[in-house]
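All of the numbers you see were taken from the coordinates with simple rules; none came from a lab. As the structure is a prediction and not an experimental result, all values here were calculated from the model. FYI the Cβ positions are ideal-geometry reconstructions off the backbone, even for glycines, and counts take in every protein chain you see.
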Amino acid sequence: MIPLRIQVANFGAIPYSDIDLRNVTLAAIIGVNGAGKSTAFTTAPRFALFGGTKNGVSADEMVRKGTQEMAVTFEFEHREETYRTTRTRSIKGKGKTTLELQKFIGTDWISLSGTTIRETEEKIRELLSLDDEIFTASSMILQGKANEFTSKPAGQRKGILQQILGLGIYDRLLEKAREKERATGAELDALKRKLTELEEQLQAKSSINDQLVLANQNITEITDDIEAKEVALKDAEELVRNLTVRAEKAEELRKLISALDGEIDGCNTERTRHQEVFDRTSNILAREADILAKAKEYEQIKEQVAALQLKQPRLAEWKAEENRISSEIGRADEQIRKLSPQIKELDTLLSDRVAIQQAAMEYQETSAELKVMDDLADKWLSLNTQALEAERKAVNWGRGAEADLVRLKSTIEAKQGQVATLDKVTCKGTEMANTCPLLAGARRAAEEIAEAEKELSRLNQNENPYVAEWQALLSKRDGLEYESAKHRQLKDHVNNLRTKADLAGQLEAKAETLKTLKEQKAQADESKLQIAERLASVQEWIKQLINSLAPLAMLEARLPKLKQWVEYKDKLPEAKAAQAAATERITALNQEIALKEEKIRILAQEQLELLSGDISSFEAEKQVKENREQLSSLRSELGLKQALRGKLEAQMESLELAEKERSKIASEMGWKSKTLSRWQTLVRAFGRDGIPALIIENAVPELERIANEILGQMSKGEHSLRFETQKELKSKSGVSETLDIIVNDWAGERPYETFSGGEQLRIDFAIRFALAELLARRAGAKIEWLTIDEGLGSQDAEHRGLVLEAIKAVSDRFRKTLVITHIEEAQAMFEQRIYFEPQDDGVEIKVA
């Protein structure tokens, strides 16, 4: 991913800015503290892509004070395609966030956004193969974090590397596997307990079977007694039935008489109803002439309405045709409107054909000249770097020689004081002279003064061995006659010519396109005229139809008023027939009533004869009752025995199921044991000595290789490093986990912690760059952009020079390198600069 443009509005301290980074490769970002440098180049891209902000700061807090809405647009190139994301935040009301992902295709931005912000963010992560954490770690070195990895104790570095590589997932997998292991073990224990319970239940099977045999014998005996009692009860019930048949027949006769009375009442009611029909039909038949006249008028108007209604659908069809033709005219107008600006744009472009072709030729010539100048710039930069290194060595040598001279002079002065004691001691010239410690010390001091004076004389005669090398490199560098201003002018000129050069190859295709567009416009104009003629014809037909349909509403309003007379007309034959039928039915009902009254008299006589006999059924009913009570007692006893048998049979069925369950559990226990073994294997695989250890052991050599490649560029091959992941324990046998950094230079191998601040800084940057590249590679992405935020402010002048050399040495690994700094001497070493200048109403940002 390569940044092309950053646009912010009311974001942090910046009211509005549009930063074009297309021509920026290696640049210093300059401005006072608090001007918004980090906000624009570290926070804004993260916010636009992933919604990330500064630590501890919410999106609402990033809205500029005094405003309610902010927006960030980040345009970038990815895999030779151009994309942009725009994220907005409003703090009005409950607050609202929007996110848009677009791709530049042809001349338009095409939306790739999802239906929700979550879906759109997922599409961005899939496109870049990065999330916010990996993007920040791989593309940015934030303020004060260059040595965040190397400054940790060796015992902690390996844990940090595990976090960077995302191995925390294996801790979660380990916990899940342990949960499954515990759950499976618990299930296996439960199966064992269940199997023991089933074995205990099955021990009672023989006793229950004996009880079931005895219950079946008892049921057979009781069943025989019930059959005998049922025969006796049947005979007694037959006697009772014979005695009650005559009483029942007499009751049936009573019911028949009652029914006949009801039928007579029904006949009387029906006769009344038919008399009412006769009276009503007589009234209708008296108005027969008026009914026929109104019914005829109704039919005539109905025919007129039907004829006019047939024309109504045709009116709707013509109006639909009118709308369709109007739409065709609109489409033709839209086509003409779209074609006109395209034709105008191509005409304008092709009118400048000669200038474009000349610019393309000039672009080729200037590009060749720029390549020569680029090669000369590389040589000049290489010699300048070597000269700076020689200058540093000369200065260091001079400082060391000066310190030695001061030390020797101080030594001589101190020893001269000791020599002066030779004239002061009282033991000089006596027998104690050989054993006197003061005289012995003075004599040694005199000898040491002589040696120091010889060394002092030698140092005064020696010259600095690095000065000549430094001056030679400066002379060779200046002899190249490289002019950076001319180089920049050539770059700017090539960039200015590139657009026209690209257009030169498209001129023929655009001329053909212009011809096609003009033909399309001519066809559209002709089509519009033809459509307009059809529209006028349709509108004339619609006018004629509307005139012919004018009387329809009045006629339709008249029809409901006449419709009731048609109904009366339809009822005339019915009324005549009903009147005749009513007359006939009244006569028949009178005859039917007379017959039913005679039948009632005969049935009443027969009923009286049946009820006159003296028949008693008391003894027969008593015998039925006794048999029923004895039968009920036997059946109750049978029910108890059958219930017992059912209970015993259920217990036997339960035991048979228990036997099947015992077999099933035994089989399931075997499968559960295998499953438990598999989970135990996964626990070992996800543990500390499993897959995570293998990933670390594979990642460390890759990290070491990338770091050495970068460190070699920084130190011109003087330094290399390696990582030690384990070390032997001193107190006891075995090894401990670690991540020691061992650095090799001209003096051999030694730990990272023993190097000076400037050398450590280069190692810090090499490892930091390597971690970023390793992280991005493992995420499936490619680092082409690096932002370093205030990596120089805490260093002295010498170390700042080393940091700048390190950054420039690895800048060719990235398409764009941006260094945020407020140090003036550091800013001077960058040809490209981006200025943040505070204004009364915000910040002005300039790219130079």
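Results, tabulated for the structure shown:
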| read-out | value |
| --- | --- |
| Fraction of beta bridges assigned by DSSP in the chain that are antiparallel (%, nearest 5) | 75 |
| Segment 442-487: GluC sites (Glu not before Pro) falling in loop per DSSP and having at most 11 other Cβ within 10 Å | GLU463, GLU481 |
| Contour excess over end-to-end distance, with Cα ends at VAL231 and ILE600 and 0.36 nm allotted per residue | 128.5 nm |
| Pairwise label distance in nanometres, ALA316 with GLU702, each label 7 Å out on the Cα-Cβ vector | 7.1 |
| Helix 154-164 axis, angle to the chain major axis (alpha carbon atoms, nearest 10°) | 40 |
| Shape box of segment 27-156 [Cα atoms, principal axes, largest first, Å] | 50, 40, 31 |
| Share of pairwise Cα separations in segment 496-579, more than 15 Å, in percent | 80 |
| Dimensionless Rg ratio for the chain, taking C-alpha atoms and the 2.2 N^0.38 Å reference | 1.99 |
| Whether segment 548-646 is rounded, prolate or oblate, judged on the alpha carbon gyration tensor where a/c under 1.5 counts as rounded | oblate |
| Helix 507-548 axis, angle to the chain major axis (alpha carbon atoms, nearest 10°) | 20 |
| Candidate aspartates and glutamates for bridging to LYS596, where Cα separation is under 18 Å - those fewer than 8 sequence places away on the same chain excluded | GLU252, ASP261, GLU263, ASP265, GLU270, GLU606 |
| Two-site FRET efficiency, LEU555 against GLU526, from Cβ-Cβ distance with R₀ of 45 Å, rounded to 0.05 | 0.45 |
| Sequence-distant lysines (8 or more away, or on other chains) whose Cα lies within less than 18 Å of LYS647 | LYS205 |
| Three-way shape call for segment 228-356 based on the alpha-carbon gyration tensor, with the a/c threshold at 1.5 | oblate |
